[in-house]
Every structure is written in structure tokens, then in C-alpha cells.
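Below is one structure, written out as C-alpha cells; the observations come after it.
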Amino acid sequence: MLKNILNKFELNKGDIITLLQAKDENEINLIFQKADEVRKKYCGNEVHLRGIIEFSNYCEQNCLYCGLRKDNSSLERYRMTIDEILQTAEKIYEAGIKTIVLQSGEDITCTGNEIAEIIRLIKNEFDVAITLSLGERDYEDYKLWKKAGADRYLLKHETANPKLYSIYHLGQMLQDRIQHLLYLKSLGYQIGSGNIVGLPNQTLEDIAGDILLCKQLDVDMASFSPFIPSPDSPYRKQKRCDVNFILLVMAIARIVLKNVHIPATTALATLDPEGREKGLRAGANVIMPNFTPAPYKEKYSIYANKKTDDNIMHYVIEAAASEGRIISETKGQSLKLSTEVTQNE
Ligand code: 5AD
Ligand code: SF4
């Protein structure tokens, strides 16, 4: 039964739910084996690194699961200066990383022009790809930033269940989030989406829906992070996601989505000291080391005890090496630009 599903080229929702229900150790091993095969076939042995700069923790949103939410008045807010951002970009470039991720909460006080200027300055100085992860903004801003040189945009759909979406995001609509992803795609961005696994009231069917929405949107990158409660959020008393379960979700996502980038997230590394290694074994081909400098990085506290390694490159290189993988020296563009997925290969 499970073997038959793993031999299918296209998995439907029922198939994905069956895989998510796997409890038997042999069955789970078969899923991880298949994910590793698919990863090898479509992504090879390279691990792509994306250096993150969390340049502002101001946020206009009140997502129920997140410690950066606007109503969290106990959090000291910061915004890095342009010089600090450029110095951090230089550190990332010097570490040999060819993608810089500019990440912030939904900080509406950072104007579209200010962000465009940061993009231009980084692009002028360093030969890197730029990923933006700034939440929902106006179409005109997305357009301006693309023109300024941004390459990719990461905007997770968080949950593909419209009812849960409106609960977690206080009445906001899933269809608006999807519309933003479509805007970004139409402007020529490589897009990233994904979910949080283990949120309250989420079912296996919801998670299957998350994977299938990534497929439907034809994303270039899909990120599945384990839920970890933030003490400064309404979900402070909720249970964290089990590490084996998030690994299973990642592996199934790899089997279904094939030629997309899947990161071993910081949240996974926070849950388990060997999270990065385990993630690489479960279909991941990307690691996103955080370069946010002190004293800011402690303040980007999305969830409790977020992992902030001082010598991050050391850990990342070790993790890749221990899994027999090589660190990519390229920008690690979308796999969809080079590989076509056909059944008759
Ligand atoms: N646990 C795990 N991931 C979270 N995020 C926000 N809050 C949490 C949490 N408690 C993720 C969301 C968001 C990104 C900035 O962090 O997916 O897109
Ligand atoms: Fe803000 Fe993003 Fe956190 Fe939501 S998940 S509160 S948009 S930083």
C-alpha cells in the first residue's frame, strides 16, 4: 500500500495523508529513503546557503503564533541602519554565500524607496542574489524592488486552510495572501511559500493541503517550519511540534514537490541540536544561516530560545560535510529554471 504510493509520480491528497499517518518504523524509513532519492535526482548533492539579515523586528501584524506581533509590548524593537545592513551583507559575501535574505516583520515605516535603495546598494557592491521576506506590501513596492534588483520573495502562506488562516491572522483572508504570491510571480520573482507545522487545530488534511498549495503555486522554494510556542504570544501554552513529525512532513513534501528548494530551517535546528543534519537527510537542500549581528539577533524572537550560533558557518559546513554533501558555490537559483519534471525520464 505505502510502497504503491511511493512509486506514484503524482500524489493526491489521500496519498499524502496516508504517508503522514505512517507510524511503523520500516514504513517511515521507506519514506525518508524515497525523499533522499528524489532530492538527489532533482537537487544533486549541493547544499545552497542563504545568509539572513533580520534588519527590523517591527511588525504591523498580530499573528497569534508569533513573538514579533504588534501587541507584544515587552519586545524591544530595533531597525538596523543602512551601514549595519551593508556590513552584514559583506560578512555574508565574505563567507562565500551568494544569496542574501533581507527579512523583517511587516514594518510599514520602512518605505518602499528605502528598501529599494538597500537592494541597489547591496547589488552594486556584491555579486549576490537577493531574497526579500518582508511580509505583504503594495504591488507597487514589489515592482519597485524587482526593478532595483531583487530576485526572490519569501511569503509563507502559513496554512492553506482558509478557516484556520483567518483564525491565526485575526480575520485576514487566505485568498489575499495567495493573491500576493501571484503578484510576485507575475513580476518575475522566484517565490517561496510554506507553512508552520503543529499549529493549534491543524489536521493531517490541512498539512496535505499545504504541500499541495505549494505545488499548485509552482513555488521555487517551500519552507516547512515546526511550531515552537513564543512566551509572548497567545499560543504560549500550546504544544511544540514533534521533531520526527516535521522531518516526515519535509520528506513527503520533497517526494511531492520534487524540484523545489527545501530548507532545513532554524526552527528545526532549535528543536533538535542535530536538526540541520536530520533535515538534510529528510529531503532538504538549503540551509539559511542567520547573520543578524548582536545585539539585534536576540531581539528577533519569533519563538522561544531561537537558535543563534555565534560561529554559524562552522556548524553549517560541518552539517553538510557530515551528510556527505557539498556547499554550493553558485547563487542556487530556482531548480525550475534548469530542470523540467517529466514522468518519462
Ligand atoms: N513557530 C515556528 N515558526 C514561526 N513563525 C512565526 N511564528 C512561529 C512559531 N511560533 C514563522 C512564520 C513566519 C516566519 C517569519 O516565522 O512561518 O513566516
Ligand atoms: Fe509579523 Fe511575520 Fe510574526 Fe506575523 S509571522 S507577527 S507578520 S513577523
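Observations on the structure shown:
- Stokes-Einstein diffusion of segment 21-94 at 25 °C, 0.890 mPa s viscosity, Kirkwood radius from Cα pairs, rounded to a whole number: 146 µm²/s.
- Under the Debye formula (equal points on every Cα, no solvent term), log10 I(q)/I(0) of segment 223-266 at q = 0.27, 0.33 Å⁻¹: -0.94, -1.16
- Extension gain, LYS299 back to ILE82 (0.36 nm per residue minus Cα-Cα distance, nm): 76.3 nm
- Computed extension gain for HIS314 through GLU27, at 0.36 nm per residue and net of the alpha carbon distance, reaches 99.9 nm.
- Expressed as a whole percent, the proportion of Cα-Cα pairs in segment 127-245 lying more than 23 Å apart is 34%.
- In this view, the solvent-accessible surface of GLU318, computed with a 1.4 Å probe and all protein chains in place, comes to about 100 Å².
- Isolated cysteines in the chain, defined as those with no second cysteine Cβ under 4.7 Å, comprise CYS43, CYS59, CYS110, CYS214, CYS241.
- In segment 253-345, the inverse of the mean reciprocal separation of distinct Cα atoms equals 14.8 Å; this is its Kirkwood hydrodynamic radius.
- For the chain, diffusion coefficient by Stokes-Einstein and Kirkwood Rh (Cα), 20 °C, 1.002 mPa s, µm²/s: 106
- Residues with amide H under 5 Å from that of ILE327, placed H, sequence gap 5 or more: VAL47
- Relative to the compact-globule estimate of 2.2 N^0.38 Å, the Cα radius of gyration of segment 134-189 comes out at 1.20.
- Apportionment of accessible area to carbon and sulfur, segment 25-323, percent (1.4 Å): 47
- Restricting the calculation to Cα atoms, segment 1-130 shows an Rg/Rh of 1.14 when the hydrodynamic-style radius is the Kirkwood one.
- DSSP bridge pairs, the chain: antiparallel proportion in percent, nearest 5: 5
- The simple Förster model, with R0 at 51 Å and r as the Cβ-Cβ distance, assigns LYS70 and SER322 a FRET efficiency of 0.80.
- Contact order relative to length of the chain, as percent, for alpha carbon pairs under 8 angstrom and 6 or more apart: 24
- Value of [θ]222 nm, deg cm²/dmol, for the chain, DSSP H segments ≥ 4, -39500 (n - 2.57) each, nearest 500: -12500 deg cm²/dmol
- Nonlocal Lys pairs with alpha-carbon distance under 20 Å, segment 86-154 (8 or more apart, or different chains): 7
- For the set LYS215/LYS331; LYS278/LYS307; LYS239/LYS336, the pairs lying more than 25 angstrom apart at their alpha carbons are LYS239/LYS336.
- Of the chymotrypsin sites (Phe, Trp or Tyr not before Pro) found in segment 5-106, those that fall in a DSSP loop while having at most 12 other beta-carbon atoms within 10 Å are PHE9.
- Over all other residues within a Cβ to Cβ distance under 9 Å of GLU158, the charged ones net out to +1, with Lys and Arg as +1 and Asp and Glu as -1.
- Projected area averaged over orientations for segment 205-278, convex hull of C-alpha atoms, nm²: 5.5
The values are calculated or read from the model by the stated rules, or taken from the named source; none is laboratory data. Values in this document were obtained by computation on a predicted structure and should not be read as measured data. Reconstructed Cβ throughout: ideal geometry from the backbone, glycine too, with neighbour counts over all protein chains shown. Ligands, DNA and RNA are excluded from the accessible area calculation, which covers all protein heavy atoms including side chains. Shrake-Rupley method; radii C 1.70, N 1.55, O 1.52, S 1.80 Å.
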